[in-house]
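Participant: Once you've had a glance at the structure underneath, I'll fire off some questions.
The values are calculated or read from the model by the stated rules, or taken from the named source; none is laboratory data. These figures come from a predicted structure and were not determined experimentally. Neighbour counts are summed over all protein chains in view; Cβ atoms, including those assigned to glycine, are modelled from backbone coordinates with ideal geometry. Side chains included, ligands, DNA and RNA excluded: accessible areas come from the protein's heavy atoms. Shrake-Rupley method; radii C 1.70, N 1.55, O 1.52, S 1.80 Å.
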Amino acid sequence: MLPTLSSRDSVSLLKEMDGNDAVELGVTLHNFAASLYPICRSITGDGIRKTLGMIGERIPLELREVPTGTPVFDWTVPKEWNIRDAYIKTADGRRIVDFHQCNLHVMNYSTPVHATLPLKEIRPHLFTLPDHPDWIPYRTSYYKEDWGFCLSHRQLLQLEDGEYEVCIDSSLDEGHLTYGECYLPGQSKEEVLISCHACHPSLANDNLSGLSVATFLAQSLSRRDLRYSYRFLFLPGTIGAISWLAQNRESASRIRHGLVLTCIGDAGGFHYKKSRRGDAEIDRAVACILRDFGGPSAILEFSPYGYDERQYCSPGFNLPVGCLMRSVWGTFPEYHTSADNLEFIQSDSLAESLRVCAAIVDVLEGNRRYVNQSPYCEPQLGKRGLYKSTGGTAIGEEINARLWVLNFSDGEHSLLDIAERSGISFAAIREAASLLHDAGLLIAVSDDDAA
Ligand code: ZN
């Protein structure tokens with residue numbers, strides 16, 4: 001017995017989102033990013049804990065703590081890093097570089113230091129961007145113990161020879177690596193993974209845009225009946241994904257579709273980097289939605305460098321996980337500098353990114369196969385009131401979509417197949433299938449039969 005299509009299948013998350021004020025949505029997303037912006041995050045420590053705590057005020061989030069020294073595949077969970085203060089002071093006691101003014105001033109994961117040194121000895125520990133003399137670079141030293149300060153090149157040029165007091169009041173101790181996990185159960189135990197890195201300090205596009213969009217996507221999904229179960233991971237880049245995979249091989253085997261979200265708040269067009277498989281349903285779903293949205297976008301082939309798709313797509317896992325971005329990391333000058341700030345991300349870009357994510361979810365949730373119950377010649381749509389479009393045109397896109405769905409609903413072709421082949425938007429194809437189903441002309445193939 002084939003099950004009938006339940007009413008929830010016809011509810012589009014994108015439509016639900018479009019029922020809200022788009023401007024207000026963007027402002028909400030931007031405000032949330034702004035509230036996380038001042039926190040000094042790193043791959044371990046209280047900054048990421050505080051960030052996860054704020055995400056947890058909006059969605060059901062479990063915090064996981066993995067002890068320092070835990071082996072995770074070929075890696076080891078590092079010491080926990082925390083920082084209270086850091087500065088460079090002149091001989092007369094003026095703070096000329098101050099961590100409390102901007103947390104990028106300290107090389108992330110710096111070991112503690114407190115000394116008075118001549119400039120020439122401090123110089124190898126100072127990092128600037130001569131090409132952008134007003135910007136502060138973002139530097140890390142996670143896996144090599146070192147200390148350093150980042151400052152604008154203009155400021156460096158103003159430093160006079162002489163002695164300076166350098167202080168980094170940080171600690172690197174046995175502790176934990178922390179990540180957050182939000183699991184939303186659906187009808188199926190098969191999972192959709194949404195993963196974001198949460199380890200960057202005051203950087204807006206690279207980090208906070210993904211966190212904000214993923215948080216509000218999880219929030220809207222948490223109120224719905226879902227076909228798939230959804231797992232949102234907020235974790236430190238690289239070591240966090242490796243730790244999660246090492247400790248959750250069972251859950252990882254249930255991932256059917258996945259997305260890494262990052263750099264999705266700037267004004268650039270969308271870029272989607274395909275999974276290692278290259279032809280996974282998520283790869284096709286994202287390509288179809290970017291086509292349907294119609295703005296500038298590009299599809300990139302998989303490469304083993306980038307964000308945490310590197311880990312999810314490592315050959316032992318080879319999960320169907322792609323990476324959705326607007327501007328690609330490393331290609332915009334603001335990347336990993338103080339110019340990746342709250343002005344660089346825009347509320348309307350964030351809102352559009354969330355809408356694209358909602359449309360992708362709609363594909364995953366709604367991509368089913370149907371069987372046409374009247375396959376011998378076209379069924380007469382007119383007598384069912386289905387041969388006129390609400391737009392008033394004789395053969396508009398709506399009727400065209402119905403004909404495409406009827407013709408290709410042979411139990412083999414999915415709605416995504418039909419949307420791709422017809423050039424008609426997935427939303428219109430899904431809407432047509434819903435109407436035809438309600439008219440008794442289609443029945444859905446169950447997920448079990450399709451497997
Ligand atoms: Zn980064």
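Participant: Do we find a residue being buried (at least 19 other Cβ atoms within 10 Å of the Cβ), within 30 Å of F332 (Cα to Cα) and of a type outside the set (A, V, I, L, M) anywhere in the range 156-176?
Facilitator: Within the range 156-176, none of the residues are buried (at least 19 other Cβ atoms within 10 Å of the Cβ), within 30 Å of F332 (Cα to Cα) and of a type outside the set (A, V, I, L, M).
Yes/no matrix, rows are residues, columns are (1) touching a Cys at 6+ places or on another chain (Cβ under 9 Å); (2) crowded, with 16+ Cβ neighbours inside 10 Å:
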position	(1), (2)
L319	yes, yes
G330	no, no
F344	no, yes
E352	no, yes
N367	no, yes
L381	no, yes
R384	no, no
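Participant: Which of (1) basic (K, R); (2) crowded, with 22+ Cβ neighbours inside 10 Å; (3) free of Cβ contacts under 8 Å to residues at least 24 places away in the same chain is the odd one out, the single condition R231 does not satisfy?
Facilitator: Looking at each condition in turn, R231 falls short on (3).
Participant: The conditions are (1) of a type outside the set (F, W, Y); (2) at pLDDT 95 or above; (3) open to solvent by 20 Å² or more (accessible area, probe 1.4 Å); (4) away from the ligand (no atom under 16 Å from the Cβ), and T238 fails exactly one of them. Which is it?
Facilitator: Against the list (1) of a type outside the set (F, W, Y); (2) at pLDDT 95 or above; (3) open to solvent by 20 Å² or more (accessible area, probe 1.4 Å); (4) away from the ligand (no atom under 16 Å from the Cβ), T238 comes up short only on (4).
Participant: Just to be sure before I move on: is A86 small (G, A, S), open to solvent by less than 30 Å² (accessible area, probe 1.4 Å) and within 27 Å of A204 (Cβ to Cβ) in the structure I sent?
Facilitator: Working: small (G, A, S): yes; open to solvent by less than 30 Å² (accessible area, probe 1.4 Å): yes; within 27 Å of A204 (Cβ to Cβ): yes.
In short, yes.
Participant: Name the residue that is nearest to the ligand (Cβ to nearest atom), counting only residues in the range 131-148 that are more than 12 Å from T337 (Cβ to Cβ) and open to solvent by 80 Å² or more (accessible area, probe 1.4 Å).
Facilitator: Restricting to residues being more than 12 Å from T337 (Cβ to Cβ) and open to solvent by 80 Å² or more (accessible area, probe 1.4 Å), the top hit is Y143.
Participant: Restricting attention to the range 347-363, which residues are more than 16 Å from the chain's Cα centre (by Cα) and closer than 26 Å to A444 by Cα?
Facilitator: D362, V363, listed by residue number.
Participant: Collect the residues in the range 403-422 that are open to solvent by 50 Å² or more (accessible area, probe 1.4 Å) and either in contact with a strand residue (DSSP E or B) (Cβ under 9 Å, 6 or more places away or on another chain) or more than 18 Å from A439 (Cβ to Cβ) (or both), keeping them in residue-number order.
Facilitator: N407, D410, E412, H413, E420, R421
Participant: Another question about this same structure. G295 fails exactly one of the following numbered conditions: (1) small (G, A, S); (2) assigned to a loop (DSSP other than H, G, I, E, B); (3) crowded, with 16+ Cβ neighbours inside 10 Å; (4) in contact with an Asp or Glu (Cβ under 9 Å, 6 or more places away or on another chain). What is the number of that condition?
Facilitator: Among (1) small (G, A, S); (2) assigned to a loop (DSSP other than H, G, I, E, B); (3) crowded, with 16+ Cβ neighbours inside 10 Å; (4) in contact with an Asp or Glu (Cβ under 9 Å, 6 or more places away or on another chain), G295 violates only (3).
Participant: From (1) in a loop (DSSP other than H, G, I, E, B); (2) away from the ligand (no atom under 16 Å from the Cβ); (3) closer than 21 Å to V361 by Cα; (4) at pLDDT 95 or above, pick out the condition that doesn't hold for C263.
Facilitator: (2)
Participant: Take G180 and decide whether it is open to solvent by less than 30 Å² (accessible area, probe 1.4 Å) and in a loop (DSSP other than H, G, I, E, B).
Facilitator: Numbers: open to solvent by less than 30 Å² (accessible area, probe 1.4 Å): yes; in a loop (DSSP other than H, G, I, E, B): no.
When the stated conditions are applied, G180 does not pass them.
Participant: List the pairs whose first member sits in the range 10-33 and is closer than 9 Å to S347 by Cα, whose second member is at pLDDT below 95, and whose Cβ atoms are under 8 Å apart, counting only residues at least 6 apart or on separate chains?
Facilitator: Between residues of the range 10-33 that are closer than 9 Å to S347 by Cα and residues that are at pLDDT below 95, the close pairs are L25/M17.
Participant: Follow-up question, since we're still on this one. For the range 183-200, how many residues meet the condition of being in a loop (DSSP other than H, G, I, E, B) and out of contact with any Gly (no Cβ under 7 Å at 6 or more places or on another chain)?
Facilitator: 8
Participant: Still on this structure, I have one more. What are the residues in the range 247-260 that are more than 25 Å from T76 (Cβ to Cβ) and either at pLDDT below 95 or part of a loop (DSSP other than H, G, I, E, B) (or both), if any?
Facilitator: R254
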